[in-house]
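Engineer: Sharing a structure below in C-alpha cells format, with a few things to ask.
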Amino acid sequence: MSPIVTLTILTAFFFLPTIIAGARGHNALAIFLLNFFFGWTVIGWFWALIWAVTDKPRVEYIYAVR
C-alpha cells in the first residue's frame, strides 16, 4: 500500500468522530475542534467519539390545560 493511501486511511480514522457527527446532524464544528486539539490524547478522541454517537437531548414540552 502506498504511503499516501495509508495516510488518508489513518486521517479518516482519526477524524471518525467528526465524520459521524456530520452524518448524525450534531455540532460537527465543535466535535472537529475537540478532535483536532485533543484527539491525540486518546481520551480526547474517545470523548469526541462518545459525543458524536450519543443522541441529542430531546426537549419535550407538556402543556397542561385546565
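The values are calculated or read from the model by the stated rules, or taken from the named source; none is laboratory data. These figures come from a predicted structure and were not determined experimentally. Positions of Cβ are generated from backbone atoms using ideal geometry, with glycine treated the same way; all protein chains shown enter the neighbour counts. We work out accessible area using only protein heavy atoms, side chains counted, and drop any ligands, DNA or RNA first. Shrake-Rupley method; radii C 1.70, N 1.55, O 1.52, S 1.80 Å.
Engineer: Just name the residue that is surrounded by the most Cβ atoms within 10 Å (Cβ to Cβ) out of those in region 34-66 that are small (Gly, Ala, Ser) and under 11 Å from Ala21 (Cα atoms). Talk me through it step by step, then tell me what you get.
Structural biologist: Residues of region 34-66 that are small (Gly, Ala, Ser), as a first pass: 39, 44, 48, 52, 64.
Subset that is under 11 Å from Ala21 (Cα atoms): 48, 52.
Values: Ala48: 25, Ala52: 22.
That would be Ala48.
Engineer: Still on this structure, I have one more. List every residue pair whose Cβ atoms sit under 7 Å apart, with the two residues 6 or more apart in sequence or on different chains, where the first one lies in region 31-54 and is without any contact (Cβ under 8 Å) to a residue 24 or more places away in the chain and among the acidic types (Asp, Glu) and the second, anywhere, is part of a loop (DSSP other than H, G, I, E, B) and open to solvent by 90 Å² or more (accessible area, probe 1.4 Å).
Structural biologist: Taking only residues 6 or more apart or on different chains, not a single pair turns up.
Engineer: For Ala21, are the conditions met, namely being crowded, with 17+ Cβ neighbours inside 10 Å and modelled with pLDDT under 95? Don't jump to the end; show me each part of the working.
Structural biologist: Values: crowded, with 17+ Cβ neighbours inside 10 Å: yes; modelled with pLDDT under 95: yes.
In short, yes.
Engineer: Another one. What are the residue pairs meeting all of these: first residue in region 1-29, first residue within 30 Å of Arg58 (Cβ to Cβ), second residue exposed (fewer than 10 other Cβ atoms within 10 Å of the Cβ) and of a type outside the set (Ser, Thr, Tyr), Cβ atoms under 7 Å, and 6 or more apart or on different chains?
Structural biologist: Short answer, once both residue conditions are applied: His26/Lys56.
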